[in-house]
């Protein structure tokens, strides 16, 4: 009876660095475990990633051999699968490698339906839990802990976007209110001036002596001139028969 | 009487000066609006498509208002110098009509700028970009405009590449999420137009994709245009208001 696999304390997790695509709707990224399997792995061993729905991780049974590995397309029924079969040497301390693993990045194997370990896109948003499993020729040799539940993104329909502006900008309010008041003042002033003029011309009022009025010549009715009184130095009795001395 | 003559001459001088300024501003407004109308900038097809074409209505009104202001300012100068009541009355009434039109143009331009929220473009982009069966030519226009915009301005989406992740879209129907978390145009491209590092772009590694949104590139020119029409028109109207008040004061002092 093979011995139960060693439980390693490593917990798989989504990389902490700022990567916009580390969790998408069908894929997620994991930090690549380094030096985790050293001391337990032989050269011929392979490290698998077990992916299970978060509520099915407790019932996940490690496969006895490579032939028992649950394939990708059984995920909906078996609620788990294993993928990312990699040589254990790739996770050793000295291996130069990208710091991130992408789960779900291979669309070709999903479409072609191959039986090989397929790193296909995840068809449901989850949440999922993952663990790494070191498989030797005689079965699982070591396993990490299960990760925290990883929930994938869920996209909403663009119909929920409301294109209306949330609030009227202050620009419009300022312009509209000031212009409206200016226009009202002008209209009132014109109507007032016209009305005053019409009223004046109807009532023939004298305009008085305003300082700014620009008087054009106004012809008044001039009554016939009265005869001027004689200067007092001309003492003539019958008026009109005076000769100046 | 000499003092009131001086006052009259000063008032006349001020009115002539005011009308000269109005005439020049009218020419400037016409020139500016002709420039905006004849020189649509790159993202204009997006604006046209959202149905928010008010800005061009405002600019067209601005052209005619500018010419009217110029003509009326000449009429005003003649009316003030000749002290003719009829001319000045015609001037005042026509100026009021022009004032009303320019008011409409300013408010339209300012409201239009307000209505171009990011959500307007977001909704349009998600529903029309890379639509697989384009209903009409404008869908193709939208796709082409967005592609050019993202290439030239090195931007992605309206607010960022996460627009493509947060919402489903016409793009998502034809391009699966694992291979295309966002369009290829969002990746940093080399001289041949291919992504420098496709895997890094898909993961969102800084430096291999364009992380900023295109909304600033769209709204920047719109804001400039709106400022040019709305606020410049507003300034002209404030000045015109003062000149009109002065003219009415002058007109009411002229005797037959």
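Pick out, from region B:183-256, the helices (runs of 4 or more DSSP H) lying fully within it that include 2 or more residues that are more than 10 Å from chain A (Cβ to nearest Cβ) and over 33 Å from the mean Cα position of the chain (by Cα). Explain how you work it out, then say what you get.
On the way: elements: B:198-203, B:215-226, B:232-253.
Ranges flagged: none.
Could you identify the single residue in A:121, A:96 that is within 41 Å of the chain's Cα centre (by Cα), loosely packed, with under 15 Cβ neighbours inside 10 Å and within 29 Å of residue A:17 (Cβ to Cβ)?
Within the list A:121, A:96, the selection yields A:96.
Before we move on, is residue B:63 surrounded by fewer than 18 Cβ atoms within 10 Å (Cβ to Cβ) and in a helix (DSSP H, G or I)?
On the way: surrounded by fewer than 18 Cβ atoms within 10 Å (Cβ to Cβ): no; in a helix (DSSP H, G or I): yes.
Criteria not met by residue B:63.
With respect to residue A:158, determine if the residue is at the interface with chain B (Cβ under 9 Å from one of its Cβ atoms) and in contact with a strand residue (DSSP E or B) (Cβ under 7 Å, 6 or more places away or on another chain).
Details: at the interface with chain B (Cβ under 9 Å from one of its Cβ atoms): yes; in contact with a strand residue (DSSP E or B) (Cβ under 7 Å, 6 or more places away or on another chain): yes.
Answer is yes for this residue.
Across region B:90-135, what is the total count of residues that are more than 8 Å from chain A (Cβ to nearest Cβ) and either closer than 15 Å to residue B:234 by Cα or touching a residue at least 24 places away in the same chain (Cβ under 8 Å) (or both)?
21
What number of residues within region A:27-48 satisfy the criterion of being more than 11 Å from residue A:10 (Cβ to Cβ) and in a loop (DSSP other than H, G, I, E, B)? Walk me through it before giving the result.
Quick first cut of region A:27-48, residues more than 11 Å from residue A:10 (Cβ to Cβ) only: A:27-30, A:32, A:38-48.
Restricting the remaining residues to those that are in a loop (DSSP other than H, G, I, E, B) gives A:27, A:32, A:38-45.
Count: 10.
Given (1) at the interface with chain A (Cβ under 8 Å from one of its Cβ atoms); (2) touching a helix residue (DSSP H, G or I) at 6+ places or on another chain (Cβ under 9 Å); (3) in a helix (DSSP H, G or I), where does residue B:146 come up short, assuming only one miss?
Only one criterion in (1) at the interface with chain A (Cβ under 8 Å from one of its Cβ atoms); (2) touching a helix residue (DSSP H, G or I) at 6+ places or on another chain (Cβ under 9 Å); (3) in a helix (DSSP H, G or I) is unmet by residue B:146, namely (1).
Restricting the search to region A:131-162, which residues are in a strand (DSSP E or B) and within 32 Å of the chain's Cα centre (by Cα)? Steps first, please.
We begin by selecting, within region A:131-162, every residue in a strand (DSSP E or B); these are A:131-136, A:139-143, A:150, A:156.
Result: A:150, A:156.
Take the residues of region A:92-130 that are in a loop (DSSP other than H, G, I, E, B) and more than 23 Å from residue A:147 (Cα to Cα): which is farthest from the other protein chains (Cβ to nearest Cβ)? Talk me through it step by step, then tell me what you get.
Applying the first criterion (in a loop (DSSP other than H, G, I, E, B)) to region A:92-130 yields A:92-99, A:104-106, A:113-127.
With the extra rule that they be more than 23 Å from residue A:147 (Cα to Cα), the set shrinks to A:94-96, A:113-116.
Numbers: A:94: 23, A:95: 18, A:96: 16, A:113: 16, A:114: 16, A:115: 20, A:116: 17 Å.
Here the residue is A:94.
Among the numbered criteria (1) modelled with pLDDT under 90; (2) assigned by the TED database to the domain that holds residue B:44, which one does residue B:145 miss?
Going through the list (1) modelled with pLDDT under 90; (2) assigned by the TED database to the domain that holds residue B:44, residue B:145 breaks only (2).
Quick check, is residue B:178 part of a loop (DSSP other than H, G, I, E, B) and either over 21 Å from residue B:36 (Cα atoms) or not assigned by the TED database to the domain that holds residue B:12 (or both)? Show your work before the answer.
Numbers: part of a loop (DSSP other than H, G, I, E, B): yes; either over 21 Å from residue B:36 (Cα atoms) or not assigned by the TED database to the domain that holds residue B:12 (or both): yes.
In short, yes.
Pick out the one residue from B:56, B:41 that is in a loop (DSSP other than H, G, I, E, B) and within 14 Å of the chain's Cα centre (by Cα). Before you say what the answer is, go through the steps one by one.
Values: B:56 fails: in a loop (DSSP other than H, G, I, E, B).
Result: B:41 is the single residue among B:56, B:41 that is in a loop (DSSP other than H, G, I, E, B) and within 14 Å of the chain's Cα centre (by Cα).
Quick check on this structure: which one of A:176, A:180, A:184 is touching a helix residue (DSSP H, G or I) at 6+ places or on another chain (Cβ under 6 Å), in a helix (DSSP H, G or I) and surrounded by fewer than 20 Cβ atoms within 10 Å (Cβ to Cβ)? Give the steps one after another, and end with the answer.
On the way: A:180 fails: touching a helix residue (DSSP H, G or I) at 6+ places or on another chain (Cβ under 6 Å); A:184 fails: touching a helix residue (DSSP H, G or I) at 6+ places or on another chain (Cβ under 6 Å).
The match here is A:176.
The values are calculated or read from the model by the stated rules, or taken from the named source; none is laboratory data. All figures in this text were calculated on a predicted structure; none of them were measured in a lab. We place every Cβ from the backbone using ideal geometry, glycine too, and count neighbours over all the protein chains shown.
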